[in-house]
Amino acid sequence: MKKAWSGRFTGKTSKIVEQYTESISFDQRLWKYDIEGSIAHAKMLGKQGIIPKKDADKIIGALTDIYSDIEKGRFRFSIELEDIHMNIEAALIKKIGDIGGRLHTARSRNDQVALDLRLYLRAETKEIIGLLKKLADTLCAIAAKNSEAIMPGYTHMQRAQPVLLSHHLLAYAQMFSRDRERFEDCLKRINILPLGSCALAGTSLPIDRDYVAKLLNFDAISENSIDAVSDRDFALEFLSASSILMMHLSRIAEELVLWSTEEFSFIELPDAFTTGSSIMPQKKNPDVAELMRGKTGRVYGSLMSLLTLMKGLPLAYNRDMQEDKEPVFDTVDTVKLTLNALIQMLPEIKFNSTRLKYTAGAAFSTATDLAEYLVRKDIPFRTAHEITGKIVRYCIDNKKDLKDLSLAEYKKFSAKIGKDINSCLTTEQSVRSKNSFGGTSVSKVKEQLARFKKKNG
Ligand code: ARG
């Protein structure tokens, strides 16, 4: 097959070079965007009289046919034609002959590939934003359904203070809402048209870049042709936002793994989202949650790949940059699949509220409430902390709970303790008292949920 760039060559490309330099095996995924971009480019060439209007129309007609050929699986991608751009251009020339050769006027694969990647990432980022909204909605619905369920809150993986399950779940909703903002912000820098930068210097032909931007719904056109063909910041931002998102997903996944253990018994995962063991008949393994945690690694890896790829590259385009695609594609697939799995799994999870409440009240979880009670009796917090610590020590030594001590026993630790001590020792009292903004009381969490829903739209 004759290569589009073969004019200055006399020798043939060796097979290993074709194998080594091809990208069609993975960049064929960009076909829709490549054609969409080419149609806009052809329209502009025709409008500007850079090519005859009737040739532009012919090109657009043939590109539309190629679009439906690919859509119907009737297109053979060829490795000898390197990449998606050459494959489509060759098909075009095969269909309409020399006229097809006019399409690549005032364009280079360097600005073309940057365009394709931006169009692709724009569509995928919007989809991910939609999934993040859905995930936050799902968490809000579960929080609303369990608005008063109490669970132990942890620090250092040790039971710390009772909190509302809804509060804990909304913590994740907050994370996913920040993720959504990051993707929305990223979209601003994705949505800039690089086409018209050509190889690196621009062109001597009278192109109309604003017109192309309008046709393709770009917010702006790139300012500097050298930058436009060598910039992959938008893809790096996408991968960073994805990495932070996966970090959040792996944290919720880890909690689901822990909570579903016999030891915790906080939740039961749906059968549909667990798997059995090939040897141990009793097992029900949280594989989906584990893989959510595990797949985070490949997304971080993709970010590292692209950062390393771009580091030290001289301006402008370098073929190294062809390696940008696989990490981006893999990340898009991983993030979307993970979000979809979580969105489907969450509503099916059964919470064991009795167990949650029981564990929330154990292990002296209301000790901080007792210290705050003493503060209200005008004892400095440090002293109150010391007194409460001694009370806890006494309880451990005598195998008692804070609720089991008599007033006389309490009084031995501080004369300021009165009958009203009973107002701060249960988990319900503890939770109810956390009325500070952003705190865990039922009313504050309800307010948080209402604000969140308004913002999440
Ligand atoms: N397949 C190439 C890539 O992904 C397209 C651009 C090639 N440009 C070039 N001048 N060789 O980067």
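Among the GluC sites (Glu not before Pro) in region 195-300, those located in a DSSP loop and surrounded by at most 12 other Cβ atoms within 10 Å of their own Cβ are Glu223, Glu262, Glu263. For region 1-100, applying the loop criterion from DSSP together with a ceiling of 14 other beta carbons within 10 Å to the trypsin sites (Lys or Arg not before Pro) yields Lys2, Lys12, Lys72, Arg74, Arg76. From the largest down, region 230-367 spans 63, 44, 24 angstrom on the principal axes of its Cα atoms.
Equivalent-ellipsoid semi-axes for region 1-67 (Cα gyration tensor, √(5λ), whole Å, largest first): 29, 17, 9. The relative contact order of region 359-430, computed from alpha carbon pairs under 8 Å that lie at least 6 residues apart in sequence, is 41 percent.
Bridging of Lys284 to lysines at a Cα separation below 23 Å is possible for Lys295, Lys350, once same-chain residues fewer than 8 apart are set aside. Roughly what % of Cα-Cα distances in region 332-377 sit above 13 Å, to the whole percent? Percent of Cα pairs beyond 13 Å in region 332-377: 72. Listed by Cβ neighbour count within 10 Å, with the fewest neighbours leading, Phe77, Phe234 appear as Phe77, Phe234. Remark: for residue pairs Lys134/Lys311; Lys214/Lys453; Lys336/Lys453, the C-alpha separation exceeds 25 Å in Lys134/Lys311; Lys214/Lys453.
Taking every Cα-Cα distance in region 134-251 and sorting them into 5 Å bins starting at zero, the pair-distance distribution P(r) comes out as 2, 10, 13, 14, 12, 10, 8, 8, 6, 6, 5, 4, 2, 1 percent. Once C-alpha pairs closer than 8 Å and six or more residues apart are averaged by separation and normalised to the residue number of the chain, the relative contact order reads 16 percent. Against the compact-protein benchmark of 2.2 N^0.38 Å, the Cα-based radius of gyration of region 60-199 scales to 1.71. Averaging 1/r over each pair of different alpha-carbon atoms in the chain and inverting the result gives 26.5 Å, the Kirkwood hydrodynamic radius.
Of the peptides 131-141, 418-428, the ranking by mean beta-carbon count within 10 Å, highest at the top, reads 131-141, 418-428.
Which lysines, on any chain, are close to Lys2 with Cα under 30 Å apart, when same-chain ones fewer than 8 places away are left out? Hits, sequence-local ones excluded: Lys12, Lys15, Lys32, Lys43, Lys53, Lys54, Lys58, Lys72, Lys94, Lys95, Lys325. Just add up the charged neighbours of Ser6: K/R +1, D/E -1, any other residue whose Cβ is under 14 Å from the Cβ of Ser6. Combined, the nearby Lys, Arg, Asp and Glu give 0. Once the gyration tensor of the Cα atoms in region 297-455 is diagonalised, the equivalent ellipsoid follows with semi-axes of 53, 21, 17 Å, ordered largest first. Taking the Kirkwood radius as Rh and the Cα radius of gyration as Rg, region 372-457 has a ratio of Rg/Rh equal to 1.13. Over region 210-300, the hull volume per residue, using the convex hull of the C-alpha atoms, is 165 Å³. Neighbour counts of C-beta atoms inside 10 Å place Arg298, Arg159, Arg107 in the sequence Arg298, Arg159, Arg107, starting with the fewest.
Values quoted throughout were computed directly from the atomic coordinates according to the rules given, and no laboratory measurement underlies them. These figures come from a predicted structure and were not determined experimentally. Cβ coordinates were reconstructed from backbone atoms using ideal geometry, including for glycine residues, and neighbour counts include every protein chain displayed.
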